[in-house]
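Shown next, in structure tokens, is the structure this report addresses.
The values are calculated or read from the model by the stated rules, or taken from the named source; none is laboratory data. On a predicted model such as this, the values are computed, not experimentally measured, just so you know. Cβ coordinates were reconstructed from backbone atoms using ideal geometry, including for glycine residues, and neighbour counts include every protein chain displayed. Only protein heavy atoms, including side chains, enter the accessible area calculation; ligands, DNA and RNA are left aside. Shrake-Rupley method; radii C 1.70, N 1.55, O 1.52, S 1.80 Å.
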Amino acid sequence: MEAGSGAARSGADWRLQRLSPCDPGRSSAIQMSGSRSEVGGRLGTTARAGMERWRDRLALVTGASGGIGAAVARALVQQGLKVVGCARTVGNIEELAAECKSAGYPGTLIPHRCDLSSEEDILSMFSAVRSQHGGVDICINNAGLARPDTLLSGSTSGWKDMFSVNVLALSICTREAYRSMKERKVDDGHIININSMSGHQVSPHSVIHFYSATKYAVTALTEGLRQELREAQTHIRATCISPEVVETQFAFKLHDKDPEKAAATYECIKCLKPEDVAEAVIYVLSTPPHVQVSLALTAHPLEEASHPQRRTAGRP
């Protein structure tokens, strides 16, 4: 993912990098663009064929109690994976697991309570996954939070909350997932970071400036991870998916004291849906092992035409 690539481009900008056996630091690029429905249609018809190798293997999805995380967990269960979905509260995940079972999906969703701001909780979760299910083959770092703490007047506690979940928890989960793969000699695992276009450009909205800084960190961490995996001579892959505005409860948590402002976030523009991001995850996982993918996902320019003053606002 190139920093700022979504700022001047519209549509969906896909970067598929073919890993070069001669020089792993170089790659060729393939780009596809289209409307959200067109992209979703392509994913829906082409991604499933490449998912067979993941059947019955285990994926960890953080922040699976709603929004993007829940959509990703459901999509993976539909593809026959065993999915550990974690969050601080698991009631919604338990309901989703029951829905998936009732629908007859071939996979299984396993709810797991985990406070990602606590390293002890994260390590305990990975230990439980190891003892009960063998280990992690796919790690999807989706959990993220924002607090309306500006740089000039924000609270230190708000900054710490964002950094703890958006940066440290992601890094700890990545480290533990890699260790799990390495100790089991899994050489085709995948680590996917659900980032944000706020991790590539700074929005003029002061309440998300610190949040944006944490997402810039995710951009750097993903590229650093890719380089370290290459140095380790492993075929484990790292992918960063950076959607623009996604219609979830994110804005209502950010603007918890102003629900009208939160609702306006989604009403003034054509937003992506959590399912769009889930389809992108399935696409990334379905690619052959020699393909490295980074992805920016935005709404179609024709859907933005009636909103000429639209600004990229991150990942609500």
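Here are the numbers for the structure shown:
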quantity: Given (1) modelled with pLDDT under 95; (2) within 15 Å of the chain's Cα centre (by Cα); (3) in a helix (DSSP H, G or I), number of the condition residue 208 does not satisfy; calculated: (2)
quantity: Exclusive hit being assigned to a helix (DSSP H, G or I), open to solvent by 60 Å² or more (accessible area, probe 1.4 Å) and among the aliphatic types (A, V, I, L, M), set 123, 96; calculated: 123
quantity: Residue list for the range 226-263, filter: among the small types (Gly, Ala, Ser), modelled with pLDDT under 95 and more than 15 Å from residue 203 (Cβ to Cβ); calculated: 262, 263
quantity: Options 285, 297: the member that is over 17 Å from residue 205 (Cα atoms) and modelled with pLDDT under 85; calculated: 297
quantity: Hits in the range 187-208 (condition: farther than 17 Å from residue 159 by Cα and open to solvent by less than 20 Å² (accessible area, probe 1.4 Å)); calculated: 189, 190, 191, 192, 193, 194, 195, 196, 197, 200, 203
quantity: Those residues of the range 99-112 which are open to solvent by 10 Å² or more (accessible area, probe 1.4 Å) and either aliphatic (A, V, I, L, M) or more than 19 Å from the chain's Cα centre (by Cα) (or both), in sequence order; calculated: 99, 101, 102, 103, 104, 105, 106, 107, 108, 109, 110
quantity: Odd one out for residue 198 among (1) in contact with a helix residue (DSSP H, G or I) (Cβ under 9 Å, 6 or more places away or on another chain); (2) closer than 27 Å to residue 244 by Cα; (3) in a loop (DSSP other than H, G, I, E, B); calculated: (3)
quantity: Count - residues of the range 264-282 that are at pLDDT below 75 and within 20 Å of residue 71 (Cβ to Cβ); calculated: 5
quantity: Pair list, Cβ < 6 Å and 6+ apart or interchain, from the range 49-74 residues that are part of a helix (DSSP H, G or I) to residues that are open to solvent by 20 Å² or more (accessible area, probe 1.4 Å) and among the β-branched types (Val, Ile, Thr); calculated: 67/248
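The rows are residues; the columns are (1) at pLDDT below 95; (2) assigned to a loop (DSSP other than H, G, I, E, B); (3) surrounded by 22 or more Cβ atoms within 10 Å (Cβ to Cβ).
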site: 116; (1), (2), (3): no, yes, yes
site: 127; (1), (2), (3): no, no, no
site: 139; (1), (2), (3): no, no, yes
site: 148; (1), (2), (3): yes, yes, no
site: 157; (1), (2), (3): no, no, no
site: 167; (1), (2), (3): no, no, no
site: 185; (1), (2), (3): no, yes, no
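For (1) at positive phi; (2) touching a helix residue (DSSP H, G or I) at 6+ places or on another chain (Cβ under 8 Å), each residue gets a yes or a no:
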site: 77; (1), (2): no, yes
site: 93; (1), (2): no, yes
site: 98; (1), (2): no, no
site: 104; (1), (2): yes, no
site: 107; (1), (2): no, yes
site: 116; (1), (2): no, yes
site: 120; (1), (2): no, no
site: 130; (1), (2): no, yes
site: 134; (1), (2): yes, no
